[in-house]
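One structure is given here, and the rest of the page talks about it.
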Amino acid sequence: MSEDLKTRCGFVALIGAPNAGKSTLLNGMVGAKVSIVSRKVQTTRTRITGIAIEGESQIIFVDTPGIFAPRRRLDRAMVETAWVGARDADRTALLVDASRGLDDETLAILDALKGDHAPSRPPVLVLNKVDLVKKERLLSLAAEINAALPFDATFMVSAAKGDGVADLKAYLAAAMRKGPWLYPEDQISDISERLLAAEITREKIYERLHDELPYVVTVETESWQERKDGSTRVEQIIYIEREAHRPIVLGKGGRTVKLIGQSAREELEELLGRKVHLFLFVKLREKWQNDPERYRSMNLPFDV
Ligand SMILES: Nc1nc2c(ncn2[C@@H]2O[C@H](COP(=O)(O)OP(=O)(O)OP(=O)(O)O)[C@@H](O)[C@H]2O)c(=O)[nH]1
Ligand SMILES: [Mg+2]
């Protein structure tokens, strides 16, 4: 009867419209990059945890794909994953991009939170990107959203700049239930190194090709080998949907894919703390968005 009485632990799902800043906030809470970020919408495709410690509390943040009106199979899988993440969590934080205000996507999420997806405890409202918005506008937006659905508390943060993040973390830490920590103190996520490595490469592709390549690639780690010299050899496949995308990903004389590989490797080396040899291959898989194997590798449901 010692430690368990003092410690607290629980899951907090971060939900919201695409691009609200969920992954940026998760990384800020953890103090390390575990979930990829881009200015494209629908960057996060699956449930990614980020584990943070605050005093005696271990908070397991669950980053989720943005919630929007799904059209394709991949969209449906992502939105379903987001709602399951919220359902399984102890607390839910709804992120709203304050610079966009109460738009249709967030209105639809509020409706769902009032209806089919009502959480067991009132959610917490997080107005993000306050660095882009005037104070008066924030106050009226907070009032407007709280009138649509009563929240347990409202926070105004800039996930990118860190403003207000510590207050939110302290609040959530105190809201966790008493109990033992579920993860070792130094663990920052439960996703596999293979998936994380694939995500990093996808982020670098988005960074380099944001305009040319809308939302049509997926990356998988094909092999992972720890070598005797202490380095790691990683092979990944970039799946494209159309042959026309190959020259875009490769670039002139393979220059683009080389640069993508270079920055992915550097980030992976920093994360793993060892030398990495990263090999990228581009493969055409015309209907990868309808291929169950691709979903398995992303931990996504196929038939929803
Ligand atoms: N100015 C500003 N930009 C932010 C802030 N937080 C996030 N962003 C930017 O908003 C964009 C989207 O951020 P993400 O963290 O990828 O958003 P997300 O909600 O995870 O997006 P999806 O995974 O696509 O649903 C990125 O370009 C971020 O740099 C913030 O506090 N201020
Ligand atoms: Mg995200």
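Structural remarks
- Note on region 111-139: residues that are of a type in the set (A, V, I, L, M, F, W, C) and not in a helix (DSSP H, G or I) amount to 6.
- Hits in region 112-139 - residues which are surrounded by 13 or more Cβ atoms within 10 Å (Cβ to Cβ) and over 24 Å from the mean Cα position of the chain (by Cα): ARG137, LEU138, LEU139
- Per this entry, VAL41 is counted among residues that are open to solvent by 60 Å² or more (accessible area, probe 1.4 Å), within 14 Å of ligand 1 (Cβ to nearest atom) and under 29 Å from LYS204 (Cα atoms).
- Residues of region 3-57 satisfying the condition of being of a type in the set (D, E, K, R) and more than 13 Å from ligand 2 (Cβ to nearest atom): GLU3, ASP4, LYS6, ARG8, GLU54, GLU56
- Within region 86-111, tally of residues that are within 13 Å of LYS129 (Cα to Cα) and either exposed (fewer than 15 other Cβ atoms within 10 Å of the Cβ) or of a type in the set (Gly, Ala, Ser) (or both): 3
Matching residues to (1) in contact with a Cys (Cβ under 7 Å, 6 or more places away or on another chain); (2) among the hydroxyl-bearing types (Ser, Thr, Tyr); (3) under 20 Å from VAL133 (Cα atoms); (4) open to solvent by less than 70 Å² (accessible area, probe 1.4 Å):
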residue: ASP152; (1), (2), (3), (4): no, no, no, yes
residue: LYS161; (1), (2), (3), (4): no, no, yes, no
residue: LEU168; (1), (2), (3), (4): no, no, yes, yes
residue: ALA175; (1), (2), (3), (4): no, no, no, yes
residue: TYR183; (1), (2), (3), (4): no, yes, no, yes
residue: ASP186; (1), (2), (3), (4): no, no, no, no
residue: LEU196; (1), (2), (3), (4): no, no, no, yes
residue: ILE200; (1), (2), (3), (4): no, no, no, yes
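- Within region 140-150, being in a helix (DSSP H, G or I) and either modelled with pLDDT under 95 or open to solvent by less than 40 Å² (accessible area, probe 1.4 Å) (or both) holds for LEU141, ALA142, ILE145, ALA148.
- Here the condition is being away from ligand 1 (no atom under 14 Å from the Cβ) and under 14 Å from the mean Cα position of the chain (by Cα); of ILE59, ILE51, ILE67, it holds for ILE51 alone.
- The condition of being touching a helix residue (DSSP H, G or I) at 6+ places or on another chain (Cβ under 8 Å), more than 15 Å from ligand 2 (Cβ to nearest atom) and free of Cβ contacts under 8 Å to residues at least 24 places away in the same chain holds for only one of PRO119, PRO70, PRO123, that being PRO70.
- Complete set of residues in region 1-23 that are basic (Lys, Arg) and open to solvent by 30 Å² or more (accessible area, probe 1.4 Å): LYS6, ARG8
- Within region 24-38, the set of residues being within 11 Å of ligand 1 (Cβ to nearest atom) and either among the aliphatic types (A, V, I, L, M) or open to solvent by less than 10 Å² (accessible area, probe 1.4 Å) (or both) comprises LEU25, LEU26, SER35, ILE36, VAL37.
The values are calculated or read from the model by the stated rules, or taken from the named source; none is laboratory data. None of the values given here were measured: they were computed from a predicted structure. Glycine gets a Cβ as well: all are built from the backbone with ideal geometry, and neighbour counts include every protein chain shown. When the accessible area is computed, the model is the full protein with side chains, heavy atoms only, and any ligands, DNA or RNA have been set aside. Shrake-Rupley method; radii C 1.70, N 1.55, O 1.52, S 1.80 Å.
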